[in-house]
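Novice: A single structure is presented below for examination.
The values are calculated or read from the model by the stated rules, or taken from the named source; none is laboratory data. Quantities reported herein were computed from a predicted structural model and do not represent experimental measurements. Backbone-built Cβ (ideal geometry, glycine too); neighbour counts: all protein chains shown. For the accessible areas, the whole protein counts, side chains as well, though only heavy atoms, and no ligand, DNA or RNA atoms are used. Shrake-Rupley method; radii C 1.70, N 1.55, O 1.52, S 1.80 Å.
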Amino acid sequence: MMEDVGLKVWVLAPGHWQYLLINAAIGIGIAADAVIATIGRFKRFETVRDALTWAAAIGFTHTVFPMIGLIGLWYAASSFPSLKAGIYGAGFLAMVWFINDVVRDIAGLDNDDDDDEIDDNDFFYQFLAKHSRFWAAVWAVSIDALVTGPGKTAATAQWSQAQVLGSFPLVGLVVFGLVMLSAWPAIILRRYWQDQKFDNPRGLARFTAVGSWVELSIFMYFAYLAISEMILALGVEPIMSEFLIAGAFTVATTALLLAALGDRVWATQLQEATDLLQS
């Protein structure tokens, strides 16, 4: 009983709930594309073990890859304060690159031939493909996760070393939990598809579209947070909390993107879901 009360007091303490929410958001943002990739791969899961093995591998890469950059750049920013502004600026650029990549992908703005060319020129992908098609596929899905860590460094600006180290298992738990949970609907979808009971692509398209917008919103939040922390590092005091500023700009940008590309994203995801069910 005393332990439960102590945990409740810790969670409700100033700053602790914010710490937990940021770690949860990081985990959800990292896991979003992995969950979508797992659901979209449902036709390849012949057994429950296939689905769980894939989900475990994706959960592992999507935990370790971002945290390598996150912890590394946090250490650099805390050890060399003069570099903070540059590090947060680099994180913002990494997020912008990633967001642009996601937008082009979900809206169908990329040429399929260009994607094939990238895979052909990816030495590590080709190396893995010669030895294991499974790990080559894991790498292809996980490679973008390498750049998400640096983009989230700004979220750790006010954290202690213990909090940064503690975020690793917290984020990992969220990522692994969501990706492993996504294996079950993937298995169910395959069974329905085998029994010819799942032939309507709209549900699948709705899931991928909503999931993609959630992913984009979270990454945009960390991009704006990086800019806010960069401005703080330069000695400029904001008129309100950097977290509120990042949130306001995220809502506005997401609304603009939805207005400009919402219909196109839906049409692209619906077409991809239709092709997936018919292939």
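Novice: For the chain, what is the mean residue ellipticity at 222 nm derived from helices alone (per DSSP H run of n ≥ 4: -39500 (n - 2.57); sum divided by total residues; nearest 500 deg cm²/dmol)?
Specialist: Taking each H run of at least 4 residues, the total per residue is -28500 deg cm²/dmol.
Novice: Which order do peptides 76-84, 233-241 fall in by mean Cβ count within 10 Å, highest first?
Specialist: The peptides rank, most packed first, as 76-84, 233-241.
Novice: Find out how many positive minus negative residues lie around M95, taking Lys and Arg as positive, Asp and Glu as negative, among other residues whose Cβ is under 13 Å from that of M95.
Specialist: Charge balance in the 13 Å sphere: -3.
Novice: Quick check for you: which residues of the range 166-191 have the amide N under 20 Å from the point 7 Å beyond the Cα of L20 toward its beta carbon?
Specialist: The answer is 166-178.
Novice: Over the range 130-233, average the accessible area per residue using a 1.4 Å probe and give it in Å², no decimals.
Specialist: Ligands and nucleic acids excluded, the result is 48 Å² per residue.
Novice: Would you rank S160, S132, S182 by solvent-accessible area, highest first, keeping every protein chain in place and using a 1.4 Å probe?
Specialist: Listed by decreasing accessible area, they come as S160, S132, S182.
Novice: Taking the inverse of the average 1/r across all pairs of different Cα atoms in the range 150-210, what Kirkwood radius in Å do you get?
Specialist: By the Kirkwood definition, the hydrodynamic radius is 14.8 Å.
Novice: Taking 0.36 nm per intervening residue step and subtracting the Cα-Cα distance, what contour gain separates K197 from D101 on full extension?
Specialist: Extra length from K197 to D101 when fully extended: 31.1 nm.
Novice: Per-residue HN-Hα couplings for the range 87-99, Karplus 6.51 cos²θ - 1.76 cosθ + 1.60 at θ = phi - 60°, whole Hz, x for Gly and Pro?
Specialist: Residue by residue, the range 87-99 yields 5, 5, x, 5, x, 4, 5, 5, 5, 4, 4, 5, 4 Hz.
Novice: Please list 3J(HN,Hα) in residue order for the range 36-47, calculated via the Karplus relation 6.51 cos²θ - 1.76 cosθ + 1.60 where θ = phi - 60°; whole Hz, with x for glycine and proline.
Specialist: 4, 5, 5, 4, x, 9, 4, 5, 8, 8, 6, 9
Novice: A further question follows. Let me check something: with ligands and nucleic acids excluded, how do D33, D275, D263 order by accessible area (1.4 Å probe), largest to smallest?
Specialist: D263, D275, D33
Novice: While we're looking at this one, here's another question. What does the charge count around I231 come to, taking other residues whose C-beta lies under 10 Å from its C-beta (Lys +1, Arg +1, Asp -1, Glu -1)?
Specialist: -3
Novice: Relative to the present Cα-Cα distance, how much length would full extension add between T254 and L146 at 0.36 nm per residue of separation?
Specialist: 36.5 nm
Novice: Based on Cα positions only, what radius of gyration and what Dmax would you give for the chain, in angstroms?
Specialist: Expressed in Å, the Cα Rg and Dmax of the chain come to 19.9, 63.
Novice: At 1.4 Å probe size, put K197, K130, K152 in order of accessible surface, largest to smallest.
Specialist: From most exposed to least exposed: K130, K197, K152.
Novice: I'd like the carbon and sulfur percentage of the solvent accessible area for the chain, probe radius 1.4 Å, heavy atoms only, ligands and nucleic acids excluded.
Specialist: Here carbon and sulfur together make up 65 percent of the probe-accessible area.
Novice: Now a separate question. Taking Cα atoms, how many degrees apart are the long axis of helix 48-79 and the longest axis of the chain, rounded to 10 and kept between 0 and 90?
Specialist: So the inclination is approximately 20 degrees.
Novice: Would you mind computing the Rg to Rh ratio of the range 211-272 from its alpha-carbon coordinates, Kirkwood style for Rh?
Specialist: 1.14
Novice: Just add up the charged neighbours of R190: K/R +1, D/E -1, any other residue whose Cβ is under 12 Å from the Cβ of R190.
Specialist: Result for the neighbourhood of R190: +2.
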